[in-house]
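Chemist: Supplied in structure tokens, the structure appears directly below.
The numbers here are math on the coordinates, done by the rules we state, and not lab data. Values in this document were obtained by computation on a predicted structure and should not be read as measured data. Positions of Cβ are generated from backbone atoms using ideal geometry, with glycine treated the same way; all protein chains shown enter the neighbour counts.
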Amino acid sequence: MCNKHKILVIEDEINICNFVKTILETNDYQVLVAQNGSTGKTLFFSHNPDLVILDLGLPDIDGCDFIQMAREQSAIPIIVLSARTNEADKVKALDLGANDYITKPFGTNELLARVRATLRTSRFQGIGDRQIRQKVQIKNMVIDYEARRITIDKQEIKLTQTEYNIIELLSVHAGRVLTYSEIIKKIWGYSDSGSIKKLQVNMANIRKKLGEQPGEYLYILNELGVGYRMNEDNEE
Ligand code: CA
């Protein structure tokens, strides 16, 4: 009972709030609900949740202000709910420290997948990314972190160091979106005007080598205008 993950949902639309609460409780999470930002803040401080699901459009405060406030206090994972199709809002929330986002309307599976992936990657933070596991399997692709080798159906895929590093980074955060700037910072350590182009060229080569056809996303999803997301691995 006490090892249930505690999730704080901050959302002013009653229907969405109830929908999220029901799904999470059915799947054995403990849920706290706030219908405005100030109640959300109070519950955040008094209950120390494991995860926050936050609507960006709240009646009393800007969701982005909540993220900023929360990040000054803790590294608690935050998933943003956004009705807006504006990519800039999602990127802003992610850059302020949100871990992921879900665009409304969303379904049960998407919500649960995001929650699982976010709780999992946050649990691994601080352990040192590469020590998580020696190998990971995503569909028929196996990433061997020890050997820095990738195989698909036991056939080795020849990659450059940079291409391997990008796949490894995305796989460690499988299920979670990483923004362009996050990836660029971690892979090259700096960014300039050509960075996004450089990343896109590498991604195009990676896709080709992994055997993905145009418009097909077996392993890596392209979140247009935001970043990239690797499909969740097979293990739970
Ligand atoms: Ca709202």
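Chemist: Please give the charge dipole size of the chain, origin at the Cα centre, charges +1 on K and R Cβ atoms and -1 on D and E Cβ atoms. Round to the nearest 20 debye.
Modeler: Dipole of the chain, to the nearest 20 debye: 760 debye.
Chemist: For a 29 Å ceiling on Cα separation, which of these pairs sit above it: Lys104/Lys139; Lys6/Lys197; Lys6/Lys185; Lys92/Lys198; Lys158/Lys185; Lys92/Lys139?
Modeler: Details: Lys104/Lys139 27 Å; Lys6/Lys197 40 Å; Lys6/Lys185 32 Å; Lys92/Lys198 22 Å; Lys158/Lys185 24 Å; Lys92/Lys139 32 Å.
In this structure, Lys6/Lys197; Lys6/Lys185; Lys92/Lys139 lie more than 29 Å apart at Cα.
Chemist: Rounded to the nearest 20 Debye, what is the dipole magnitude of the range 6-122 about its Cα centre when Lys and Arg each give +1 and Asp and Glu each give -1 at the C-beta?
Modeler: 280 debye
Chemist: May I pose another question? Based on the Kirkwood radius over alpha-carbon pairs, what is the Stokes-Einstein translational diffusion coefficient of the chain at 4 °C with 1.567 mPa s viscosity, in µm²/s? If you can, show how the numbers build up before the last one.
Modeler: Numbers: Rh = 18.8 Å.
In µm²/s, the coefficient rounds to 69.
Chemist: List the aspartates and glutamates whose Cα lies under 20 Å from the Cα of Lys186, skipping any in the same chain that are fewer than 8 positions away.
Modeler: Of all the aspartates and glutamates, those that pass the test against Lys186 - Cα under 20 Å, at least 8 places apart if same chain - are Asp95, Asp100, Asp129, Asp144, Glu146, Glu163, Glu168, Glu223.
Chemist: Looking only at the chain, where both bridge partners belong to it, what percent of the DSSP beta bridges are antiparallel (to the nearest 5)? Before the final figure, lay out the partial values.
Modeler: Values: 18 of 35 bridges.
Of the beta bridges lying entirely in the chain, close to 50 percent run antiparallel.
Chemist: Which value at 222 nm does the chain reach when only helices count, each DSSP H run of 4 or more adding -39,500 (n - 2.57), with the total divided by all residues and rounded to the nearest 500 deg cm²/dmol? Walk me through the numbers on the way to the answer.
Modeler: On the way: 8 runs with 97 residues, N = 236.
It lands at -13000 deg cm²/dmol.
Chemist: Fewest to most neighbouring Cβ within 10 Å: what's the order for Asp62, Asp153? Write out the running numbers ahead of the final one.
Modeler: Details: Asp62 12, Asp153 9.
Listing Asp62, Asp153 from fewest to most nearby Cβ atoms yields Asp153, Asp62.
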